[in-house]
1. Under the rule of at least 5 residues apart or a separate chain, name every residue whose amide H is placed under 5 Å from the amide H of ASP26.
2. If contacts are Cα pairs under 8 angstrom and at least 6 residues apart, what is the relative contact order of the chain in percent?
3. For ASP46, ASP51, write out the residues from largest to smallest accessible area, computed with a 1.4 angstrom probe and no ligands counted.
4. How much accessible area per residue does the chain have, counting only protein heavy atoms and a probe of 1.4 Å, in square angstrom?
5. What net charge is computed for the residues neighbouring VAL53, neighbours being all others with C-beta under 11 Å from the C-beta of VAL53, Lys and Arg scored +1, Asp and Glu -1?
6. Summarise the accessible area of region 14-80 (1.4 Å probe, protein heavy atoms) by the percent that is carbon and sulfur.
7. Report the extension gain between ASP46 and ILE23 in nm, rounded to one decimal, defined as 0.36 nm multiplied by the number of residues separating them, less their alpha carbon distance.
8. Name the residues whose placed amide hydrogens come within less than 5 Å of the amide hydrogen of ILE62, ignoring near sequence neighbours (fewer than 5 apart) on the same chain.
Amino acid sequence: MAGYRDLFLQDAFKVGLISSSGIRNDIGCLIWDETPDGVDVEVGPDVVVPDSVRLFIGCMKIDCRCAVVEREGCRLHLAFVR
């Protein structure tokens, strides 16, 4: 899957918000890359992100449900749930 994503990566470097019914306050995140199927994000080191979230990136007009499909430290890959 990572090789497939690499074909479509576009540097975004935008700021987004992650929310969920299980999260008290929205979580700020840095958007590293966007693919047709999702985004790579980075959150703070002490942030716990549930497996299912809503992602909002105003400047990219993204407001959708996502599933966390990969975790590596503070970096997450969120797949868009359609």
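The values are calculated or read from the model by the stated rules, or taken from the named source; none is laboratory data. None of the values given here were measured: they were computed from a predicted structure. Quick reminder, even Gly has a Cβ in these numbers, built from the backbone with ideal geometry, and neighbours come from all protein chains shown. Side chains included, ligands, DNA and RNA excluded: accessible areas come from the protein's heavy atoms. Shrake-Rupley method; radii C 1.70, N 1.55, O 1.52, S 1.80 Å.
1. none
2. Normalised by residue count, the contact order of the chain is 25 percent.
3. My answer, sorted largest first, is ASP46, ASP51.
4. Working: 5150 Å² over 82 residues.
Result: 63 Å² of accessible area for each residue.
5. 0
6. C and S atoms contribute 50 percent here.
7. Working: separation 23, 0.36 × 23 = 8.28 nm, distance 1.35 nm.
Full extension of this stretch gives 6.9 nm more.
8. Answer set, sorted by chain and number: ILE57.
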